[in-house]
Each structure stands twice: as C-alpha cells, then as structure tokens.
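> Before anything else, here's the structure in question.
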C-alpha cells in the first residue's frame, strides 16, 4: 500500500493530472486508483483541485500532492534508497569484472591504459551517433 | 581530488564513463572566483556564478566535449585529515598523476549518493571484491556508520559473497 501511494504521488508531484490521465499513466484498474485516491485524500496526502477549462462538460478535477504528500514521497524515496537495487545478474557481472581487473593487475597490465582505450572507443561511438543524428535532423548542414 | 567513475580502474572494474567528478574544498570566495576565471580561460563553460554553498558546480569542457562536476560537498565524504591520508596518487596516463579518493571513501561516496543508481552499487561490489584484503576495515566501518550506510554495505557484502 505504501509503495502504491508513493507511485501515485510520484506521478502527480511534478505534473498534477486528472483521474483518467492518472489511470492511464499508472496502468492500474480505475477502481483501484479511485479507491486509493479516496484513502489518500482522507489521509491528507492529496487534494482535488477544480480545473476550469473553456470546454463544455464537467470541469476536470486535478489530483494534486499536498505538502504532507510531498513529505511522504520524500521519505518514501529515502526508504527505498535503504534497499539494495542490484539484482543477482548485476552482482555476478560485477564480481566477474572485478576478478578480470585483478588478473590484469597480476599481469602488470596498466588498468588506466585499458580504461582510456575503452573510453575513447565509447566516446567515438557516442560522437558518431551525435553527428549522424544531427545530419538526419538538418540534412542541409 | 578525483572521485567517481574515473577512479574505478584503480580499485574495481574497468568501465566507461562520460563525465569527470572532482572533489574540492575551498574556504574563501576569492579563491573560487579565481578558479572560475582560470577554467573559463581554458575554454570551460560554467553556467553559474561562484558560490561556496553550492554542493556541486557543473562545467563543460568544450575542447574535449566532456561534462565535469566539481563537488564542494560530495555525498558521504568528510574533508578531514584521514580522508587526505587515505587518498592515493593515481597514474592516469604517462606523465599524468592525480590525487584520487581512497578506496574506502570511494565506497561510501558511491553508497551515500542521493541519486544512487544500480551502477553505483555495481561499482561498490567490484571494489569490495578486488580490494578484498586491502581495505582498512575499521576505517570503512567508521565512515559507513558516520553516513548511516553500514546496513547497506553489509547487505551488499553478503550478496557478493553468496553469488
């Protein structure tokens, strides 16, 4: 439940939106979103603001994070940072790469030389992509 | 003093990085102004004005097309005597030596980042594995406690051991 509330707050924090838009952004069932929003409103985490548009029909209600909601989101993000984010494969790969670096060290290979080689290749690829994209956008240049 | 991905080949795995992170400690605004002037003369783009309170100053090296981040208050780093004792002089290239953060402070800096990503944790694991018997345990634990990172450090260690 806490994660779900944080997900709602994260979605509306920067860009308050209507309930329908929120349902689309979260990819959850509408009933689930509406029920959660009701609870969150009771808890003071969100507010509904009327958004008067020149269009005909019912004015859209915007879901907005309250100050308490913003604090809740901040605390929730801090809590999430307490947990490990990497998965089993990431760890396996990190251990493998560290052992590979160890081996290079044992063979007196300069790790920084390897690093510069690798980085210069990566930068060349990055720059070539940038040039390619630029030429696609402005073929006259 | 260098921090971040550029230091990694010295302690952990080798991976690419697109920016350069440097930690500095400057006590008066005049010195910082002077640093800004010198950097601008050397074709660095600095969009901000000198400010001693800024946690990080963002620069752009126009010549090499590289972002540079100058940290005045890097996460998980306390500028003290021990930090300076732990730093190392790295041979970045021929005739190019640079001071770099020590391995223990490197780990804590990575873990304490407010915007810690998966990559930071991968970097830490690689340092823990490669520097296994070379880390100053007491110092590492003390720094981890100082920044409330001991639980995370131990959890990562356990994971690395069981993988």
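The values are calculated or read from the model by the stated rules, or taken from the named source; none is laboratory data. As the structure is a computational prediction, the values presented were derived from the model and not from experiment. A quick note on method: Cβ atoms are made from the backbone with ideal geometry, for glycine too, and the neighbour counts reach across all protein chains shown.
> Can you name the number of the only condition in (1) away from chain B (no Cβ under 12 Å); (2) at pLDDT 90 or above; (3) more than 31 Å from the chain's Cα centre (by Cα) that residue A:114 fails?
All conditions pass for residue A:114, except number (1).
> Does the stretch B:101-111 contain any residue that is surrounded by fewer than 20 Cβ atoms within 10 Å (Cβ to Cβ) and without any contact (Cβ under 8 Å) to a residue 60 or more places away in the chain?
So in the stretch B:101-111, the residues surrounded by fewer than 20 Cβ atoms within 10 Å (Cβ to Cβ) come out as none.
No, the stretch B:101-111 has no match at all.
> Let me ask something else. For residues that are free of Cβ contacts under 8 Å to residues at least 40 places away in the same chain and outside any helix (DSSP H, G or I), scanning just the stretch A:4-46, find the one that is surrounded by the most Cβ atoms within 10 Å (Cβ to Cβ).
Result: A:46.
> Another question, then. Looking at the stretch B:22-38, can you tell me whether even one residue there is touching a strand residue (DSSP E or B) at 6+ places or on another chain (Cβ under 6 Å) and either surrounded by 18 or more Cβ atoms within 10 Å (Cβ to Cβ) or within 14 Å of chain A (Cβ to nearest Cβ) (or both)?
Checked against the condition, which is being touching a strand residue (DSSP E or B) at 6+ places or on another chain (Cβ under 6 Å) and either surrounded by 18 or more Cβ atoms within 10 Å (Cβ to Cβ) or within 14 Å of chain A (Cβ to nearest Cβ) (or both), the stretch B:22-38 yields at least one hit.
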